[in-house]
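First comes the structure, then the notes that go with it.
The values are calculated or read from the model by the stated rules, or taken from the named source; none is laboratory data. Everything numeric here is computed off the predicted structure, so don't read it as measured data. For neighbour counting, all protein chains shown are included, and Cβ atoms are generated from backbone atoms with ideal geometry for every residue, glycine included.
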Amino acid sequence: MELNYLRVFYEVAKAGKFSEAAYKMSISQSALSRSVALLEESEGVTLFDRSKKGVALTAKGHEVFLLCERIFQTEKEIEDLCRGVQEKCEGPLRFAASDHVINDYLVKPLHKFRRQFPKVVPSMRSGTPDEIIHALLNRDSEFGLLFAKVALPNIEYRILHPEIMSLVCHPDIWRECKSSSNEKTLQKVIRTYGYVSSIGALLATRPSRVLMELFGEAPQVGLEINSQESQKRFCLAGEGVAYLSRFMVEKEIKRGELFEIPIENIHTFNLWLARPKGKQLSLTSRMFLKHLKPEMDF
C-alpha cells in the first residue's frame, strides 16, 4: 500500500472536497483524484461516496480515516521529537457544552485538570445542541459535550459514557399529594403542579417516546424551558416534576432538597463527544478528554 495514496485520501477526507485538498497539497485535482482511485482499486474498497457537493466517507472509509489520523499524528510526533520540538499542554481549551453539563458535571474535573496543567485556560460556550454544533462548524470550539445528537454528515460522535436519569420533585409537594401508592401520588403531583419540560418535548419523536414510557401517557406540562439547569431550579422552588440527569440532582437528593420519585422505567442517556470530521484535536483537548475518560483513545 502506497503511503502517499493514504496521505491524499486523508487530506480529501478532512477537506470534504477534492478541489480544496488539491489546493492545500499544491497538486492538480486530476492527479489527486487518480491517487484516491488507485488506492480504492488496489485495495478493492470504496472509501468515498461522491456527489456534486463533495465527498462523504463510507463506513469503511471512516475506519480507514481514523487509522490514518493515528498514522499521521504519530508521524508528526516523530518529526517533532527528532527536531527537538515538544507540544505543550497549555493555552486555550475551547469547547462547547450544555449548561447542566458545565455546571454539574465539569466543574470538579476542570478544577483538577487545571491544578495539573495551570497554563491551560478553559474557554467554554454554553448552549443548546444546535448552538453547540454551530460553534463546532464555525471552529469557535474544538469539541462539544451534549446529550442530544444533531445529525450532520460533517460531525462525528463518540459515546463518552452513559448517564442515569432521575425523576424528582420538591419533598413538600410529594408529601402534600401523598396517596395510596407512588404511582397515584405521581399522577396527583402531575395533575396539580405539572411536568417541568423542555420546550417542544412533547412534539419531538424521541422525547415523546421517553415520556410515554415514563408516565404511561403524555404528562400535563406545568412550564417549559430549554435550560435543564433552570428546570432544576424551578423544581427546587416546588414548581413540579422534572426528569434530569442524576449527576445534576444527586447533591440535592442527599440533602433532602429534592425527592427522587421511585419509578420502574428509568432511562439512561449517552453523553456524546462531538467534533468535526477530519479535525485533529489539539494536545490540550486530547489531554482533557483523556482526563475525563482515560481508557478512550482520542
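For this structure, a couple of remarks:
- Residues located in the stretch 102-136, provided they are exposed (fewer than 14 other Cβ atoms within 10 Å of the Cβ) and either closer than 28 Å to LYS53 by Cα or modelled with pLDDT under 90 (or both): ASP130
- Residue match in the stretch 212-235 (condition: farther than 18 Å from ILE263 by Cβ, assigned to a helix (DSSP H, G or I), over 24 Å from the mean Cα position of the chain (by Cα) and not β-branched (Val, Ile, Thr)): yes
- Here PRO294 clears all of (1) out of contact with any helix residue (DSSP H, G or I) (no Cβ under 9 Å at 6 or more places or on another chain); (2) more than 30 Å from GLU63 (Cβ to Cβ) except the condition numbered (2).
- Within the set ALA135, ALA148, the sole residue that is part of a loop (DSSP other than H, G, I, E, B) and on the phi < 0 side of the Ramachandran plot turns out to be ALA148.
- Some residue of the stretch 112-129 being in a helix (DSSP H, G or I), among the basic types (Lys, Arg) and touching an Asp or Glu at 6+ places or on another chain (Cβ under 9 Å): no
- For the stretch 231-265, filtering for residues that are surrounded by fewer than 15 Cβ atoms within 10 Å (Cβ to Cβ), out of contact with any Asp or Glu (no Cβ under 8 Å at 6 or more places or on another chain) and not charged (D, E, K, R) leaves 3.
- Per the conditions (1) under 28 Å from GLY16 (Cα atoms); (2) buried (at least 17 other Cβ atoms within 10 Å of the Cβ); (3) out of contact with any helix residue (DSSP H, G or I) (no Cβ under 6 Å at 6 or more places or on another chain); (4) hydrophobic (A, V, I, L, M, F, W, C), the sole criterion not satisfied by VAL150 is (3).
- Of all residues in the stretch 7-24, those that are in contact (Cβ under 8 Å) with a residue 40 or more places away in the chain have Cβ atoms under 8 Å from Cβ atoms of residues that are among the basic types (Lys, Arg) and not in a helix (DSSP H, G or I), 6 or more apart or on another chain, in ALA13/LYS277; LYS14/LYS277; LYS14/LYS279; GLY16/LYS277.
- Leading residue by the ranking (farthest from ILE71 (Cα to Cα)) among those in the stretch 2-43 that are buried (at least 18 other Cβ atoms within 10 Å of the Cβ) and β-branched (Val, Ile, Thr): VAL36
- Some residue of the stretch 156-172 being in a helix (DSSP H, G or I), outside the structural domain of PHE95 (by TED's automatic domain parsing) and either among the charged types (D, E, K, R) or farther than 23 Å from PHE247 by Cβ (or both): yes
- Unique match (being closer than 20 Å to LEU93 by Cα and touching a residue at least 40 places away in the same chain (Cβ under 8 Å)) among ILE173, ILE155, ILE164: ILE155
- Subset tally (residues that are touching a helix residue (DSSP H, G or I) at 6+ places or on another chain (Cβ under 7 Å) and exposed (fewer than 15 other Cβ atoms within 10 Å of the Cβ)) for the stretch 44-63: 2
Yes/no per residue for (1) aliphatic (A, V, I, L, M); (2) touching a Gly at 6+ places or on another chain (Cβ under 7 Å); (3) touching a residue at least 24 places away in the same chain (Cβ under 8 Å):
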site	(1), (2), (3)
SER198	no, no, yes
VAL221	yes, yes, yes
THR268	no, no, yes
LYS279	no, no, yes
ARG286	no, no, no
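- Total residues in the stretch 272-288 satisfying the condition of being more than 26 Å from HIS100 (Cβ to Cβ) and of a type in the set (A, V, I, L, M, F, W, C): the figure is 1.
- Any hit, the stretch 122-131, residues being touching a Ser or Thr at 6+ places or on another chain (Cβ under 7 Å), in contact (Cβ under 8 Å) with a residue 40 or more places away in the chain, assigned by TED's automatic domain parsing to the domain that holds GLY278 and of a type outside the set (D, E, K, R): no
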